[in-house]
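Down below is the structure, laid out as structure tokens.
Values in this text are rule-based calculations from the coordinates and carry no lab data. Worth saying up front: this structure is predicted, and the values here are computed from it rather than measured. Note that each Cβ is placed from the backbone with ideal geometry, even for glycine, and that neighbours are counted across all protein chains shown.
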Ligand SMILES: NC(=O)c1ccc[n+]([C@@H]2O[C@H](COP(=O)([O-])OP(=O)(O)OC[C@H]3O[C@@H](n4cnc5c(N)ncnc54)[C@H](OP(=O)(O)O)[C@@H]3O)[C@@H](O)[C@H]2O)c1
């Protein structure tokens, strides 16, 4: 698809991978609405990227409704949803709590599932649309300390496959994306972006992969793609 003049929601577009995706989409002429929970950061990134914003916790029913309504009002329509907002920290099996699962699944699974549903209703009606679910390489293989995060991303990857099966007859494309380690603020307790490390992935590489996949003619789609650093060692 030609991204010029198309409309996208990027959840968690106020930092890291989401910000890089929003920036690339705007660079291609798309109109973008970013979401986040930190008011100041969100407004300043929206100013920097020249995009729309809405303050919304995607892990709540109210946040999902706010986001979809803001997209329809501020963008005037919707061609794509990037389900990027995510949350996670690593703790071992003997350490995790009920609350860890609730907090992580609320954002990574429930919010993504319900916002995906709201977008799909629009896309099914207009017989076109795109959903990109940002999972992780942690969605393809479990690891020590990954019970909460990794299982939530396995769930998101499962949703991606179900949606592909349901939405292809409506010409709606659903892409699953699995980034390996990216030097962002992810899982940083101070929420500050990590410094760039020359041989590790940046948000730009993930954004490049997603925008390239979206730009393919609508008759084709890539069900799943993983992005790894060439030599992170
Ligand atoms: N970094 C990695 O190594 C890596 C690897 C694989 C996959 N991923 C996935 O990539 C996605 C983006 O991560 P990132 O590395 O870019 O992390 P990040 O820099 O921490 O950015 C996360 C973004 O999501 C937003 N967010 C978090 N919870 C939210 C909620 N409940 N409602 C709305 N927005 C919310 C944050 O906004 P606020 O700060 O305002 O909350 C922020 O804009 C996540 O799904 C993550 O699991 C990351």
Under the helix-only model (-39500 (n - 2.57) for each DSSP H run of 4 or more, divided by the residues of the chain), the mean residue ellipticity at 222 nm, to 500 deg cm²/dmol, is -13000 deg cm²/dmol
If one compares the long axis through the Cα atoms of helix 112-126 with the longest principal axis of the Cα atoms of the chain, the angle in degrees, nearest 10, works out at 20 degrees
In degrees, nearest 10, the alpha-carbon axis of helix 147-167 is tilted away from the dominant principal axis of the alpha carbons of the chain by 20 degrees
So for the range 7-227, using the alpha carbon gyration tensor with a ≥ b ≥ c as root eigenvalues (a/c under 1.5 gives rounded; past that, a/b versus b/c decides prolate or oblate), I'd call it rounded
Expected sort for 176-183, 191-198 on mean C-beta neighbours within 10 Å, highest first, is 176-183, 191-198
Sorted on mean Cβ neighbours within 10 Å (highest first), peptides 161-174, 91-104, 133-146, 1-14 come out as 1-14, 133-146, 161-174, 91-104
Helix 16-27: inclination vs the chain longest Cα principal axis, degrees, rounded to 10, gives 20 degrees
Mean separation of Cα contacts under 8 Å (at least 6 apart) over the residue count of the range 96-233, i.e. the relative contact order in percent, is 24 percent
Relative contact order as a percentage, the chain, C-alpha pairs under 8 Å and 6+ apart, gives 21 percent
Mean Cβ-within-10 Å packing, highest first, puts peptides 26-35, 39-48 in the order 26-35, 39-48
